[in-house]
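J.: Structure incoming, see below.
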Amino acid sequence: MDIRRILGELCKAFNAHDLDRIMAFFSDDCALEMPKGSEPWGSRFEGKRNVREALATRFEGLPDVHYGSEEHFVDPTADTGISKWTLTGTTREGTKVDVRGCDFYTFSNGKVVRKDSYWKIVE
């Protein structure tokens with residue numbers, strides 16, 4: 001499994017806002033932890049359908065969202081990878097977003113089983 005290649009392809013799919021292409025990389029029993037939420041881990045979504053719906057909210061809330069300046073790191077002994085990026089976009093209310101963040105990915109059998117997202121907090 002070429003995790004670095006998968007991370008690059010995932011970034012391209014996110015920038016294309018292509019949910020079908022994104023979800024093709026995820027397992028049926030996947031989990032997503034978003035950076036915002038009422039719990040220390042943010043908001044957690046489990047199962048492919050719920051993960052897809054949660055990711056759709058990202059594209060709805062930031063219609064022009066783009067992940068740039070990406071870097072990908074891999075630990076093949078643990079089937080994990082990290083993508084660092086700068087997220088830019090504009091909310092529906094017109095607020096500009098420009099933050100540095102990263103996603104921690106865990107893989108099993110060539111599919112994403114967990115995506116854990118972190119953003120810097122801009123004040």
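The values are calculated or read from the model by the stated rules, or taken from the named source; none is laboratory data. As the structure is a computational prediction, the values presented were derived from the model and not from experiment. FYI the Cβ positions are ideal-geometry reconstructions off the backbone, even for glycines, and counts take in every protein chain you see. Side chains included, ligands, DNA and RNA excluded: accessible areas come from the protein's heavy atoms. Shrake-Rupley method; radii C 1.70, N 1.55, O 1.52, S 1.80 Å.
J.: Describe numerically, in nm with one decimal, the distance between label points set 7 Å from Cα along Cα→Cβ at R44 and at K12.
T.: Label-label distance for R44 and K12, simple model: 3.3 nm.
J.: Still on this structure, I have one more. Work out how much length D20 to I121 would gain on full extension: take 0.36 nm times their residue separation and subtract the Cα-Cα distance, in nm to one decimal.
T.: 33.4 nm
J.: How would M23, M1 line up by accessible area, probe 1.4 Å, largest first?
T.: Ranked list, largest accessible area first: M1, M23.
J.: Distance between the C-alpha centers of segment 66-113 and segment 1-55? Whole Å please.
T.: One Cα centre to the other: 9 Å.
J.: Could you look at segment 1-70 and say what percent of its accessible area is carbon and sulfur, using a 1.4 Å probe and all protein chains?
T.: With neighbouring chains kept in place, the figure for segment 1-70 is 47 percent.
J.: At a temperature of 37 °C and a viscosity of 0.692 mPa s, determine how fast segment 45-85 diffuses translationally according to Stokes-Einstein, using the Kirkwood radius over alpha-carbon pairs as Rh; express D in µm²/s, rounded to the nearest whole number.
T.: For the chosen part, D equals 266 µm²/s.
J.: Go ahead and collect, in residue order, the members of segment 5-42 whose backbone nitrogen is under 13 Å from a label point 7 Å along the Cα-Cβ direction of K111.
T.: Counting only backbone N, you get 23-31.
J.: Starting from the residue with the highest accessible area, list K111, K12, K96 in decreasing order, probe 1.4 Å.
T.: So the residues, ranked largest to smallest area, are K96, K12, K111.
J.: Right, something else. Work out the length of the dipole vector of segment 1-78 about its Cα centre, built from +1 on the beta-carbon of each Lys and Arg and -1 on the beta-carbon of each Asp and Glu, and round it to the nearest 20 debye.
T.: Taking the Cα centre of segment 1-78 as origin, the dipole is about 80 debye.
J.: Need one number for the chain: average projected area of the convex hull over its C-alpha atoms, nm².
T.: Details: hull surface 29.4 nm².
Its Cα hull, projected and averaged over all orientations, spans 7.3 nm².
J.: Also, I was wondering about something else. Could you give the dipole magnitude of segment 15-123 about its Cα centre, charging the beta-carbon of Lys and Arg +1 and that of Asp and Glu -1, in debye to the nearest 20?
T.: With only Lys, Arg, Asp and Glu charged at Cβ, the dipole is about 100 debye.
J.: Please count, across the chain, the pairs of lysine residues with Cα atoms under 25 Å apart that sit 8 or more places apart or on different chains.
T.: 22
J.: What number comes out for accessible area per residue over the chain if the probe is 1.4 Å? Units Å², please.
T.: In whole numbers, the chain has 57 Å² accessible per residue.
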